Amino acid sequence: MSKGKQRERVTPESNRQLMDLLEMLPDALIFLDETATIQYANARAATMVGASQHELPGNTLWQGASPLVSIALYQAVVTATHTRQPLQVEYRSPVTQTWLHVQLSPTSQGIALCFHDDTEPTRLQDPFRQSEQRHQDLLERISDGVVILTPEGLILEINQRPLADAQVRREEVVGRLFTDFPSWSSAPFAQQQLRAAIVQASLGETVRFEARIRPQPGRYRDLALTITSHLDANQQVEYLTYVGRDITAHKQADEESRVLVESMPNLVWMTRADGFVEYVNQRWYHYTGLTREQTQGDGWSASLHPEDQQRTVAAWHAAVQTGIPYEITSRIRNGTTGEYRWFLVRGIPLKDSQILRWLGTSTDIDEQKRIEEALRQSQERVHVFMDSNIIGIITADGEEIVEANEAFLHMTGYSREDVQNRRVNWVHMTPPEYLPVTQQAHQELAFHQSMRPYEKEYVCKDGSRLPVVVGGVAFQDNPLHSIVFVLDNTARKELERRKDDFLSMASHELRTPLTSLKLQTQLLGKHLAKQGISGVAPALSRMEVQVKQLERLIGELLDVSKLQAGRLEYVLEPVNLDALLRDVAETMQQVSATHTIVVRGTAPGSLVGDKDRLEQVFTNLLSNAIKYAPDAPLIEMEVSASAETVTISVRDQGMGIPKEQREKIFERFYRAFDPSQRAVPGLGMGLYIVAEIVKQHGGTITVDSTVGKGSTFTVTLPWKRGA
Ligand code: ADP
């Protein structure tokens, strides 16, 4: 029977009856043409789909009857259209959740589908149905978005994830173009990407890409997408599977680390496993002035200092080859100023089972380098200084010497081990008589962080004495820590000793002929007097004055050398100071016609002392007053007493003594260098002897003076000497 004949038999009347019959059927019936467009759907079909019957024709099955659509149905329709063979399919509707048994029969114009809603409980135990159920449950539970698409991009199945995201219902989107899904349609760029990907996938390729979609206004989601194609038995693309993984958090973390990397003061870089530079942060471009292209690969090395280039690149390649973390310091050029700055460059390999890439930073350590260099130089200088062996240098921690240079060790005979083992102690090295001056110096050190050089002696390791000059500074943060320099004073002391020996010898040698000369003069005087020759008397008396002057000088010289040797002797007896002072004043007045000596006050009582030496004190003070006040005739001597002491001051109105010299005039051989004072004869011994005598009597001597106005020397003596 031909098709034409069959058509002829169906009259309008029979056609209407048939239609009524179809409308009454308990199963849903849908006729499709070859493009899967609905030609007819009966009342039951419309109910199942949830649409009015007249709406359905003209729509594709996928769009018009979306509650019925599934991948299984799609496959069946495609197969039946293709093979023109009847077939059956059973599946669970993703929308209605009911089991549908569908019979597909080819018709002259397409296919007839008969849907039987199968709710029979026993059939629910069917293994096929159970596995189908599991498959669907699984799909719903996957956190990725999963969509099955026709090669044209129509949605056949879609799981809950994208639906919930866009807040749309399944039936609203099934059968429609996936590119029109709200999440994509509101993100035009992503939509374009998706469209292209679907086209590519429908050609049989697997497509992967990342996209940012907008499921709802004001919200975005970053997705990593894969679209794969499923081929049928004829190697034709049957449908597409889309999987979208949410990577928003990941992207955000990426973005955060990117911001972090960009905000870092360091230059940050990333390379491939083979060392090819792929990424550097903005700071790199900004600092080096290189472009992305110039930086890539090994290009970055152009920014290195020519002297560092080879070494740095070689070290980097070695690190890449061995996989050992990379660390080097190199100079990198500032592209703007042309200046090279030191950087600490560090790279670490990021590994999985093998090295994936290298991540590195370059940190500006120029300042640090400069400080290090300055420190190194200063240390070098200190070492040069310490090792110079010109002076001894030690550092001490409290009493212990913790460091000493060769010169010091050489001088004192101690070894480096002695110092290292803390066996050298400067207090132990100090002889008892030098302890007071040493303590004083260290007090000064503690107060002022420095001590002026002073003379002392050290007891060397072998017990011998070493004359030294010592000075030093203390560390501000720790005053117990000091650096002390030590000068060997032997040569000077030796010279001094020889000078003292010479003085002592010379004064002795001079005194003998002088004594004889004095005697002879006296004898000569007597002789001439006896003979009645009086004409030479003035000459003789002038001779005697000169001889006395000589005698005094030689006496002073002798005193000085005795003082030096600690051999000045004192003959102690009760001394009437009042009488003594008046005697001295009278004698001095007799020899000096130019000046007037006035004595005021009294000192009743007597003290125990050496009368001659005390006379020497005041004779000296008065003779100085006369000498250094040639044009001021008044010399005042004032005496006052308390219960414990007697004070004698000698005041002149002469040239005075500059302040800075006042302390020094009591030193041996010290003479003021002022030319007017230089003109006055003297050897600078008088005040030295005076001060020593006063000291021996338990007293003190001070000077008060105004240049051009005069000086006052004040001696204070105790009535009773201490023990
Ligand atoms: P000299 O033999 O030089 O006088 P002295 O030891 O007696 O030695 O004095 C030391 C120095 O002190 C003198 O050279 C002088 O410069 C200064 N001097 C001492 N007495 C006086 C004084 N009355 N007026 C000014 N200068 C004085």
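More than 9 Å from the ligand (Cβ to nearest atom), of a type outside the set (S, T, N, Q), part of a loop (DSSP other than H, G, I, E, B) and open to solvent by less than 80 Å² (accessible area, probe 1.4 Å), is that true of residue 708?
Against the criterion (more than 9 Å from the ligand (Cβ to nearest atom), of a type outside the set (S, T, N, Q), part of a loop (DSSP other than H, G, I, E, B) and open to solvent by less than 80 Å² (accessible area, probe 1.4 Å)), residue 708 qualifies.
So which of 602, 619 is more than 16 Å from the ligand (Cβ to nearest atom) and surrounded by 14 or more Cβ atoms within 10 Å (Cβ to Cβ)? 602 is the lone residue from the list that is more than 16 Å from the ligand (Cβ to nearest atom) and surrounded by 14 or more Cβ atoms within 10 Å (Cβ to Cβ).
Can you tell me which of (1) outside any loop (DSSP other than H, G, I, E, B); (2) surrounded by 17 or more Cβ atoms within 10 Å (Cβ to Cβ) is the one residue 655 doesn't meet? Evaluating residue 655 over (1) outside any loop (DSSP other than H, G, I, E, B); (2) surrounded by 17 or more Cβ atoms within 10 Å (Cβ to Cβ) leaves (1) as the failure. The strands (runs of 3 or more DSSP E) found entirely in segment 108-181 that carry 2 or more residues being assigned by TED's automatic domain parsing to the domain that holds residue 91 are 110-117.
If you filter segment 532-587 down to residues that are over 18 Å from residue 615 (Cα atoms) and part of a loop (DSSP other than H, G, I, E, B), you find that the one that is nearest to the chain's Cα centre (by Cα) is 566. For segment 632-643, state whether one or more residues are closer than 30 Å to residue 604 by Cα, at pLDDT below 95 and loosely packed, with under 14 Cβ neighbours inside 10 Å. Checked against the condition, which is being closer than 30 Å to residue 604 by Cα, at pLDDT below 95 and loosely packed, with under 14 Cβ neighbours inside 10 Å, segment 632-643 yields at least one hit. Pairs meeting the criteria (first residue in segment 358-375 and under 19 Å from residue 266 (Cα atoms), second residue of a type in the set (Val, Ile, Thr) and open to solvent by 70 Å² or more (accessible area, probe 1.4 Å), beta carbons under 9 Å, at least 6 apart or on different chains) are 358/348; 359/348; 360/348. Of the strands (runs of 3 or more DSSP E) lying entirely inside segment 271-363, those carrying at least 2 residues that are over 23 Å from residue 258 (Cα atoms) are 326-333, 340-351.
Looking at the structure I just gave you, is residue 578 at pLDDT below 90, at negative phi, outside the structural domain of residue 460 (by TED's automatic domain parsing) and surrounded by 12 or more Cβ atoms within 10 Å (Cβ to Cβ)? So residue 578 fails the test.
Among the residues of segment 408-432, the ones that are free of Cβ contacts under 8 Å to residues at least 60 places away in the same chain, closer than 21 Å to residue 491 by Cα and not hydroxyl-bearing (Ser, Thr, Tyr) come to 5 in all.
Return the total of residues in segment 486-504 being charged (D, E, K, R) and within 25 Å of residue 472 (Cα to Cα).
The initial filter retains those residues of segment 486-504 that are charged (D, E, K, R), namely 488, 492-494, 496-501.
Those still in the list that are within 25 Å of residue 472 (Cα to Cα) too: 488, 492-494, 496.
Result for segment 486-504: 5.
Taking the condition surrounded by fewer than 16 Cβ atoms within 10 Å (Cβ to Cβ), at pLDDT 90 or above and under 59 Å from the mean Cα position of the chain (by Cα), does residue 490 pass? So residue 490 fits the description; yes. Screening residue 676 against (1) free of Cβ contacts under 8 Å to residues at least 40 places away in the same chain; (2) near the ligand (Cβ under 8 Å from one of its atoms) leaves a single unmet condition, (2). The set of residues in segment 366-422 that are in a helix (DSSP H, G or I) and open to solvent by less than 40 Å² (accessible area, probe 1.4 Å) comprises 366, 386, 407, 408, 409, 411, 412, 418, 419. Out of 660, 692, 667, I need the residue that is within 9 Å of the ligand (Cβ to nearest atom), over 17 Å from residue 553 (Cβ atoms) and of a type in the set (Asp, Glu). Which one? Only one candidate passes the filter, namely 667.
Conditions (1) part of a strand (DSSP E or B); (2) among the basic types (Lys, Arg); (3) touching a strand residue (DSSP E or B) at 6+ places or on another chain (Cβ under 8 Å); (4) open to solvent by 70 Å² or more (accessible area, probe 1.4 Å), marked per residue:
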| residue | (1), (2), (3), (4) |
| --- | --- |
| 462 | no, no, no, yes |
| 468 | yes, no, yes, no |
| 484 | yes, no, yes, no |
| 499 | no, yes, no, yes |
| 509 | no, no, no, yes |
| 512 | no, no, no, yes |
| 520 | no, no, no, yes |
| 524 | no, no, no, yes |
| 528 | no, no, no, no |
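Residue 633 meets all of the listed conditions (1) in contact with a His (Cβ under 6 Å, 6 or more places away or on another chain); (2) closer than 22 Å to residue 574 by Cα but one, namely (2). Within segment 626-664, which residues are over 12 Å from residue 677 (Cα atoms) and in contact with a Lys or Arg (Cβ under 8 Å, 6 or more places away or on another chain)? If the condition is that a residue be over 12 Å from residue 677 (Cα atoms) and in contact with a Lys or Arg (Cβ under 8 Å, 6 or more places away or on another chain), then 635, 636, 637, 638, 639, 644, 653 are the ones that fit.
The values are calculated or read from the model by the stated rules, or taken from the named source; none is laboratory data. Everything numeric here is computed off the predicted structure, so don't read it as measured data. Positions of Cβ are backbone-derived with ideal geometry, glycine not excepted, and every protein chain shown enters the neighbour counts. The accessibility values were calculated without ligands, DNA or RNA, using every heavy atom of the protein model including side chains. Shrake-Rupley method; radii C 1.70, N 1.55, O 1.52, S 1.80 Å.
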